[in-house]
Structure formats: structure tokens, C-alpha cells
Amino acid sequence: MFAVAYERRILDGERLLEVHPEFLKASAKSGVADEGLLEEIAQHGCLSDIQGVPDELMSIFVSAHEVSPEWHVRMQAAFQEFTDNAVSKTVNLPQDATVKDVEALYLLAYQLDCKGVTIYRYGSRSKQVLYRGHAEEVAGGEVSGGLRPRERQKVTIGTTEKVKIGCGNLYVTVNSDEDGICEVFTALGRAGGCPSQSEATSRLISLGLRAGIDIDEITEQLKGIRCMSSIRSKQAEVLSCPDAIGRAIEKYLDVHGIDGGQADFEGGNMHCPECGSMMEHEGGCIVCRSCGFSRCGPS
């Protein structure tokens, strides 16, 4: 069973606490079905480490998360051996499971001749259908475990590119910190445009960059998005504002020789766009000692 007691979230956000009916019957027969004990079980979802539960009940009502992931796979393999079709079973992983843990389970399933394997790491989604008991929530109302962006540093350095779009000029600023590319800002010229949409796009990109999402994945989503005002305009250099942002990020990576969004700022490991020599930091700017080219962060 998933848990002796669990909380189910339905579409309108209503939360339903459910306790396994057979456990209720067994606990009543054992004389342990008092309200205090049931409330404690409801808080934790499983019986382990709860005082007052007989060993017999603990050995019978074992939840999925009290069984090691390896034995989930071995149980599936035991059924697969005598079944022509594929056998489906979820292997429940704890919230702190690693990529190596997942790899080991897939290899074990292969070695035991399973036709497939399904895993779920608890808390890997910001919202999930089932929660163990009441006690699994954290600040913000959901299970933790999602990506979180690193803190923005006080000083960043980058470049601003002017791009012609269908409704005027778009200024795209791409900044990096000592850990790599970290944020994007946009500003529109006097001709106007869609400032709120561009700002929302930039904020989400910045969060993704500081959370460690691959930059190529971000630019792939942005490039190619079309806007009618840009398509109709003979002056436009791009297909839309998102397309401009994606291309500006790619150009920034190419100019500074950054691979995968990770810049090595120690020692000024950035290439000059004019002569290709290494550039250095100086007074909030980057300077090329070979040809004199310099670029400063936006004020």
C-alpha cells in the first residue's frame, strides 16, 4: 500500500484524508484504535517509529516507502517471470534519491528480465496526487524538492544588445556572475510594444538560469517564436521578442566563449569579440589588453 493513512488532492484543491479500511478493522480487534494513536498515524502516514502499534500490525501493514527500492524491483521481477505481458509496478524512491540510485534500479530491472520499470521520487513534483499523512507539507503548502534558483549576487557583468523588432527597438541585457550566466533583462524603446510580456519572459529565464537549467534548452524554447508585428515589419531583425532574447543569449555565449552557460570569471577567462584575446575585469568592466576593446555592465 502507498501508506496506511494518506491525503488525496482532488481537482478543486479539496484535501481528503484516507485511512486503510483493513487497518481500521485490525487495529480495532487489537484494541489500539484510540483517537490519539490514529491521529499520530494520520500525521506520519506509516506505522514505523510510532509507539503503541503491535509488531503484528507493523509486519502486515507495511507501506511502499518502508520497502527498499531494490525489493520493489525484485517483487516486480517475481511476477514478471510467470507473465507473458509486461508487469507494471511503481518503485517508490525517497525524496533524497540520487541519479546513481535510479541508474542502479534500471540496471537491476534489466538484469532480472523485467520488461519495463517505473520509478517515482517522492516530492519530485511541486504538486502530487497522494501525500503521506498530514506531516509532509512545508512552507508554501507543498512537498519540497523542486528546483530553487541560487541567490542573485550584488554585482553582475554583461552586455546589452539593441534589436529591431516589429514595434520598435528591444534592448536585451544578458548578465553573468562568477558562477556563469545568471539573468536577462529587456527594455523597449519609445515605440512601445509588450513590456509586461517581455519582463515576464525575462524573469522566468533568469530564474531558470540561476536554478541550473541548461541554457541550450532555454534558447531552444525561445528561438523561432513568431509575432505578427515582427513578421509584417520590413525593419524587424527577428521573429519576435522571445526570438530576440534567445538569439541575444546565444550571441553572448559565443562572444564570451562560454560553454553551457558556465563562465570562468577567475582570471578574466572571456574572449575579446574584436581580436579573440583573453579579457580582464577592471572597475566593473571587461577590458582587452591587446586591442583596447572594453565593455561595461549596465548602470
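The values are calculated or read from the model by the stated rules, or taken from the named source; none is laboratory data. Quick caveat, the model's predicted, so the values are computed rather than measured. Positions of Cβ are backbone-derived with ideal geometry, glycine not excepted, and every protein chain shown enters the neighbour counts.
Points to keep in mind about this one:
- The set of residues in segment 87-109 being at pLDDT 90 or above and loosely packed, with under 13 Cβ neighbours inside 10 Å consists of T98, V99, K100, E103, L107.
- Hey, G45 buried (at least 18 other Cβ atoms within 10 Å of the Cβ) and either β-branched (V, I, T) or at pLDDT below 80 (or both) or not: yes
Okay, residues lined up against (1) over 14 Å from V4 (Cα atoms); (2) under 26 Å from the mean Cα position of the chain (by Cα); (3) among the hydroxyl-bearing types (S, T, Y); (4) assigned to a loop (DSSP other than H, G, I, E, B):
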residue	(1), (2), (3), (4)
S48	no, no, yes, yes
A78	yes, no, no, no
N92	yes, yes, no, no
Y110	yes, no, yes, no
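- Residues within segment 137-166 that are in contact with a helix residue (DSSP H, G or I) (Cβ under 9 Å, 6 or more places away or on another chain), β-branched (V, I, T) and either assigned to a loop (DSSP other than H, G, I, E, B) or at pLDDT below 85 (or both), tallied: 0
- Single condition D243 does not satisfy, out of (1) at pLDDT below 85; (2) under 25 Å from the mean Cα position of the chain (by Cα): (1)
- Answer from I213, I225, I218, I205 - the residue that is at pLDDT 90 or above, among the hydrophobic types (A, V, I, L, M, F, W, C), surrounded by 15 or more Cβ atoms within 10 Å (Cβ to Cβ) and part of a loop (DSSP other than H, G, I, E, B): I225
- Segment 209-246: number of residues that are of a type outside the set (A, V, I, L, M) and in contact (Cβ under 8 Å) with a residue 40 or more places away in the chain: 14
- Looking only at segment 20-33, and only at residues there that are surrounded by 12 or more Cβ atoms within 10 Å (Cβ to Cβ) and part of a loop (DSSP other than H, G, I, E, B), the one that is modelled with the lowest pLDDT: A33
- Selection from segment 80-90 of residues that are outside any loop (DSSP other than H, G, I, E, B) and either in contact with a Leu (Cβ under 8 Å, 6 or more places away or on another chain) or more than 22 Å from M1 (Cα to Cα) (or both): Q80
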